[in-house]
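Structure first, then comments.
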Amino acid sequence: LKPFERLLPAPPAAARPSPEAAPPPSNGKMLDFLFGLTIGLGVGSYNARHMRECLDDTFHLTKQKAGPQLQKAKEGFAEVGKKAVPYMKQASKSLQEKAAPVFEQASTALKEKVASMRKA
């Protein structure tokens, strides 16, 4: 898709090209991808020693800065969880009340089916 194509409204059905009219996929795109992948892996392998130091620093800094944020998120989720418990209990009770007749009907039908299979 072109960058802003998804922001525009869809054209009317008559203006859309038919699937049969779509051009076949281009092998050039696949070759571009494979070429870029090969070059990227080669450059990455060549510079692995220098990149290792940078990546180690990045991971260390991420772990250092993410720890306090993770703790804040845990506290926030605990608070939300405490507030949600009454609603969950209410929803569970309501669901059990609504589902009880269906379960009874299914149980009765299953018992009858088993009994008829044993007789046969």
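The values are calculated or read from the model by the stated rules, or taken from the named source; none is laboratory data. None of the values given here were measured: they were computed from a predicted structure. Neighbour counts are summed over all protein chains in view; Cβ atoms, including those assigned to glycine, are modelled from backbone coordinates with ideal geometry. The protein model used for the area step is the full one, side chains on, heavy atoms only, and it has no ligands, DNA or RNA in it. Shrake-Rupley method; radii C 1.70, N 1.55, O 1.52, S 1.80 Å.
Remark: pairs (first residue in segment 86-114, at pLDDT 90 or above; second residue open to solvent by less than 100 Å² (accessible area, probe 1.4 Å); Cβ separation under 7 Å; 6+ apart in sequence or on different chains) are absent. Of the residues making up segment 44-69, those that are at pLDDT 90 or above and among the aliphatic types (A, V, I, L, M) number 2.
When GLY81 is tested against the conditions (1) at pLDDT 90 or above; (2) surrounded by 10 or more Cβ atoms within 10 Å (Cβ to Cβ), the lone failure is (1). Just to be sure, is ALA120 at negative phi, hydrophobic (A, V, I, L, M, F, W, C) and at pLDDT 90 or above? So ALA120 fails the test.
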